[in-house]
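*Asks:* Okay, here's the structure, questions in a sec.
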Amino acid sequence: MRKAILVMTLTISLLLMTFANALPPNHGEEKSIYPTVTLYFSDGTSANITGKVWSGTIFPIVEGSIHSYDWSKKIKYLFFDKTLKGLNPYGLDFIRAMEKYTLKDFDTNFYKLVNESMNDIKNLDSDGDGYTNIEELNAGTYPGDPSDHPGMNQEEFWNEYGGYITLIAIIASIFVLYFVFNREKKD
Ligand SMILES: [Ca+2]
């Protein structure tokens, strides 16, 4: 009898646990991995960009406006630093550009506001690595991370193999010179 009660209790707990897991998460307080950023417009008003707005609205706008690179692959850190807690230099410039508009623009035409703000900062070099933001966006590198910029693959290749290539070139020249001198002696 005791065993039966124990088995029943266990079964009920298991069922309850399964049921609880199957329930959708709490919608009002849904957690996002992206930080909420507050905009302060010049007229003293302010507005929040929540994590859900970043991922649900801003990222799709960016992905849709850049055609030469599929930003969905690495958009996570486009505006944020690697801890996802703060903005990187590009994210900061983007927020500053948005703040030049008004709360009315924010509330009534958010899509246009995002597009225009991106456009306003496209010729800046937010991270100071020598490439403009739009060059980096088109090449699929982070405009807010100076260690990531176009032409990296060639540079990395040279850093890794440049030493060997130089050494092989020197040895090859010595061989060539050796044979040339030997030949001259024989003649
Ligand atoms: Ca960069």
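*Asks:* Under the rule of at least 5 residues apart or a separate chain, name every residue whose amide H is placed under 5 Å from the amide H of residue 80.
*Replies:* 88
*Asks:* Rounded, prolate or oblate for the chain? Axes are the square roots of the Cα gyration tensor eigenvalues, ordered a ≥ b ≥ c, and the cut-off for rounded is a/c under 1.5.
*Replies:* Oblate is the answer for the chain, as a/c is 1.5 or above yet b/c matches or exceeds a/b.
*Asks:* What value, in deg cm²/dmol to 500, does the helix sum -39500 (n - 2.57) over DSSP H runs of n ≥ 4 give at 222 nm once divided by the residues of the chain?
*Replies:* When only DSSP H runs of four or more count, the value is -16500 deg cm²/dmol.
*Asks:* Where in the chain are the DSSP H helices whose alpha-carbon span along the long axis reaches 18 Å or more and whose Kyte-Doolittle mean is at least 1.0? Intermediate values should be presented prior to the final figure.
*Replies:* Working: long enough: 2-22 (30 Å, 1.40); 152-186 (49 Å, 0.22).
Counting only whole DSSP H runs, the qualifying helices are 2-22.
*Asks:* Here's a follow-up. From the backbone phi of the range 145-150, what are the Karplus-calculated ³J(HN,Hα) couplings (6.51 cos²θ - 1.76 cosθ + 1.60, θ = phi - 60°) in whole Hz, Gly and Pro given as x?
*Replies:* 9, x, 7, 10, 7, x
*Asks:* Taking the chain as a Gaussian network, Cα atoms linked when under 10 Å apart, which of 126, 117, 68 shows the biggest mean-square fluctuation?
*Replies:* 68
*Asks:* So, one more: Could you compute the FRET efficiency for residue 103 and residue 61, with r as their C-beta to C-beta distance and R0 at 25 Å, rounded to 0.05?
*Replies:* For residue 103 and residue 61, the calculated efficiency is 0.85.
*Asks:* Hey, another quick one. At what distance in nm do the modelled label points of residue 6 and residue 92 sit from each other, each positioned 7 Å from its Cα along Cα→Cβ?
*Replies:* Roughly 6.3 nm, to one decimal.
*Asks:* GluC sites (Glu not before Pro) within the range 27-108: which are DSSP loop residues with at most 13 other Cβ atoms inside 10 Å?
*Replies:* 29, 30
*Asks:* Still on this structure, I have one more. Under a cut-off of 25 Å between alpha-carbon atoms, report the lysines in cross-link reach of residue 52, not counting same-chain residues fewer than 8 places apart.
*Replies:* Here the lysines satisfying the reach criterion relative to residue 52 are 31, 73, 74, 76, 82, 85, 100, 104, 112, 122.
*Asks:* On to the next question. Please state the charge dipole magnitude for the range 37-150, taken about the Cα centre, from unit charges on C-beta atoms (+1 on K and R, -1 on D and E), reported in debye and rounded to the nearest 20.
*Replies:* Here the range 37-150 has a charge dipole of around 420 debye.
*Asks:* Take the chain, connect every pair of alpha-carbon atoms lying under 10 Å apart with a spring to form a Gaussian network, then pick out the residue of 38, 166, 57 with the largest mean-square fluctuation.
*Replies:* Evaluated over the chain, the most mobile residue of the options is 166.
Rule-based calculations on the coordinates, nothing more; no lab input. It should be emphasised that the depicted structure is a prediction, and the values quoted were computed from it without experimental measurement. Glycine also receives a Cβ, built like all others from the backbone with ideal geometry; neighbour counts cover every protein chain displayed.
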